[in-house]
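Visitor: Submitted below is the structure of interest, expressed as C-alpha cells.
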Amino acid sequence: MNNNSSYSTIHPSVKFHGKHLPSPKNGLKLIVTIPAKNEAGTIWKTLSALLNQRLDNASLPPDFYEVIILCNHCDDDTVAICNLFQKIHPQFPLYIFETVDRNINSVGASRRILMDLASSRLPGNGFIITTDADTIAHKKWLNAFLESLPEPVDLICGIIQPDNKGLNLEAKKILHLTRRYLDLVSRLESEIFPQDNDPWPRHSHNSGPNMAIRKSVYEKLGGIPPLACFEDIALYQKVFAYGYKIKHSYSPIIITSCRTSSRVPGGFGSQIRNWSDSKTENVEGLRKLEERFKAYNNIRSYYQNPSSSLLNTIAEQLHFKSYELESLLQKHERSNSIIIYLENSLKTNTSWNSAYPNIPLEKAIEELENYFSVFSHTTNSYSS
C-alpha cells in the first residue's frame with residue numbers, strides 16, 4: 001500500500017491533486033503544513049517565499065523539505081492558484097490536497113490532517129512546521145529550523161511580525177502596545193519563573209503561523225487537538241504540560257497579515273477588528289503577574305520537595321483553600337501540568353480576580369517598565 005492509498009484510507013474525503021503522492025526522500029528533515037480556506041489573494045506570495053528559501057548563499061535543497069497544503073472548503077481560486085504554482089515550478093516539493101467534507105470544518109481539523117500526514121512521512125525525527133496561507137517567510141526561515149535540529153529542543157516558536165499596512169492609527173497603536181506588554185510579561189516571567197531551556201532574552205509568540213514540533217513529540221502527545229480555534233495554543237500548552245523542551249527563538253521569522261476578516265471566530269483578525277474600533281480588554285498588572293509567577297515557581301519547588309508550609313504559601317498566593325490546592329496537586333503528576341491548568345482556570349477564578357483585578361493596558365506597561373528600570377535583576381538589557 002503506497003502513501004497515497006494509506007492516507008486516503010484514513011481520510012477518504014480528502015482529494016490529492018496529482019497522480020500519486022511520492023515516497024518521501026531519505027534526506028527529508030522538515031515538512032511545512034498550511035491549512036487554506038479562500039486564500040486566493042495571499043497564497044501565491046506564501047508559496048513564493050517558500051520556493052525561495054536559502055541555505056547560506058545557496059537555494060535550500062528540495063530534498064530537505066516538503067510543503068503540504070490542504071485547501072478546505074474553498075469557493076474561490078485558491079486550489080487553481082496552487083495547481084498553477086506547482087505547474088510553473090515542478091521541482092518545488094509542493095503537495096496539494098483538497099476537501100469539502102463538512103466534518104473537516106475548522107482550521108484545527110485541517111491542521112490535524114496535515115500534521116498527521118507530515119508525521120507519517122518524516123523518515124527521521126525532524127520538525128513538523130505549521131504556518132498559515134497569509135504569511136510570508138523570511139528567506140532563511142527553514143534554515144533556522146535546520147540549524148536547530150541538533151539542539152535538545154522539542155518545540156520551536158518563531159517570531160511573528162504583523163504586516164500592519166492598511167490598519168487605522170488606533171489599531172496600529174494597540175497592536176504596538178500589546179506586543180510591548182507581552183514582551184515585558186515574558187521578561188518578568190523569565191526573571192521570576194525561569195526556564196533553563198528557554199532563558200531570557202526570548203520573545204512571547206507561540207502560535208500557529210510559526211511553530212515547529214519534533215515528530216516524536218507530536219506522536220507521543222497524540223497529535224494536535226482538532227479544535228475550532230486556538231488549536232495551536234492548545235498544542236503549545238500540551239507540550240509544556242508534559243515537560244518537553246520549548247524554545248522561543250528569534251531566528252525563524254515570518255510576516256503575517258493583519259486582515260480584519262478573520263477566518264477563525266475569536267482569532268487574530270477579530271482582535272484587529274476590535275482594536276480598529278478602539279476596543280481593548282484590561283490585562284494583568286505587575287502585582288498580579290508577580291504573584292502568579294512566584295506561585296508557579298513555588299509549585300515547581302513543591303514537586304521537587306513537598307511540604308505543608310510550601311503548600312500553604314502557594315494556596316495563599318493563589319487565594320485558594322489549602323485543601324483545594326492539595327486536591328489539584330494530587331490530580332496532576334507534573335508541575336507543568338498544574339501550571340497549564342492554572343493558566344486557563346485563573347482567568348475566571350473569582351477569588352483570584354477579586355484580589356488582583358485586571359487594569360488598563362497602558363497602565364500595566366507603565367508598571368512593568370518602572371519595575372525593570374528600578375528593580376530588575378536580569379543581566380540582559382531589553383530590546384524592543
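Visitor: For region 198-211, state whether one or more residues are at pLDDT below 95 and open to solvent by 60 Å² or more (accessible area, probe 1.4 Å).
Guide: Looking through region 198-211, at least one residue is at pLDDT below 95 and open to solvent by 60 Å² or more (accessible area, probe 1.4 Å).
Visitor: Before we move on, is I81 open to solvent by 10 Å² or more (accessible area, probe 1.4 Å) and over 16 Å from K139 (Cα atoms)? I'd like the intermediate steps shown before the answer.
Guide: Values: open to solvent by 10 Å² or more (accessible area, probe 1.4 Å): yes; over 16 Å from K139 (Cα atoms): yes.
Considered against the rule, which asks whether it is open to solvent by 10 Å² or more (accessible area, probe 1.4 Å) and over 16 Å from K139 (Cα atoms), I81 comes out as yes.
Visitor: Of the residues in region 120-159, how many are open to solvent by 20 Å² or more (accessible area, probe 1.4 Å) and either in a helix (DSSP H, G or I) or not β-branched (V, I, T) (or both)?
Guide: So the answer is 16.
Visitor: Cβ-Cβ distance below 8 Å, separation of 6 or more or different chains: which pairs start in region 272-299 with a residue that is modelled with pLDDT of 95 or more and end on one that is outside any helix (DSSP H, G or I) and open to solvent by less than 10 Å² (accessible area, probe 1.4 Å)?
Guide: What qualifies is F293/F193; K294/F193; Y296/F193; N297/F193.
Visitor: Continuing with the same structure: If R187 satisfies all but one of (1) part of a loop (DSSP other than H, G, I, E, B); (2) among the basic types (K, R); (3) at pLDDT 95 or above, what's the number of the condition it fails?
Guide: (1)
Visitor: If you don't mind, there's one more thing I want to ask. Filter region 42-78 down to the residues that are small (G, A, S) and modelled with pLDDT of 95 or more, then identify the one that is least open to solvent (accessible area, probe 1.4 Å).
Guide: The first filter runs over region 42-78 and keeps only residues small (G, A, S), leaving 48-49, 58-59.
With the extra rule that they be modelled with pLDDT of 95 or more, the set shrinks to 48-49.
Values: S48: 28, A49: 13 Å².
That would be A49.
Visitor: Could I ask something else about it? Which condition number does L169 fail, the rest of (1) open to solvent by 20 Å² or more (accessible area, probe 1.4 Å); (2) within 18 Å of the chain's Cα centre (by Cα); (3) not acidic (D, E) being met?
Guide: (2)
Visitor: Moving to a separate point now. If I go through region 287-304 residue by residue, how many of them are farther than 19 Å from A241 by Cα and open to solvent by 30 Å² or more (accessible area, probe 1.4 Å)?
Guide: Start the filter on region 287-304 by keeping residues that are farther than 19 Å from A241 by Cα, which leaves 287-291.
Applying the additional criterion that residues be open to solvent by 30 Å² or more (accessible area, probe 1.4 Å) yields 287, 290.
The number of residues fulfilling the criteria is 2.
Visitor: So which of L184, L175 ends up being surrounded by fewer than 21 Cβ atoms within 10 Å (Cβ to Cβ), aliphatic (A, V, I, L, M) and farther than 30 Å from R54 by Cα? Walk me through how you get there before you give the answer.
Guide: Details: L184 fails: surrounded by fewer than 21 Cβ atoms within 10 Å (Cβ to Cβ).
That would be L175, the only listed residue that is surrounded by fewer than 21 Cβ atoms within 10 Å (Cβ to Cβ), aliphatic (A, V, I, L, M) and farther than 30 Å from R54 by Cα.
Visitor: Kindly indicate whether any position in region 323-346 is over 26 Å from L235 (Cα atoms) and open to solvent by less than 60 Å² (accessible area, probe 1.4 Å).
Guide: Quick first cut of region 323-346, residues over 26 Å from L235 (Cα atoms) only: 323-324, 326.
If we keep only those that are open to solvent by less than 60 Å² (accessible area, probe 1.4 Å) too, we end up with none.
No: zero hits.
The values are calculated or read from the model by the stated rules, or taken from the named source; none is laboratory data. Quantities reported herein were computed from a predicted structural model and do not represent experimental measurements. Don't worry about glycine lacking a Cβ; one is built from the backbone with ideal geometry, like all the others, and counts go over all protein chains shown. Surface accessibility is based on the protein's heavy atoms, side chains included, excluding ligands, DNA and RNA. Shrake-Rupley method; radii C 1.70, N 1.55, O 1.52, S 1.80 Å.
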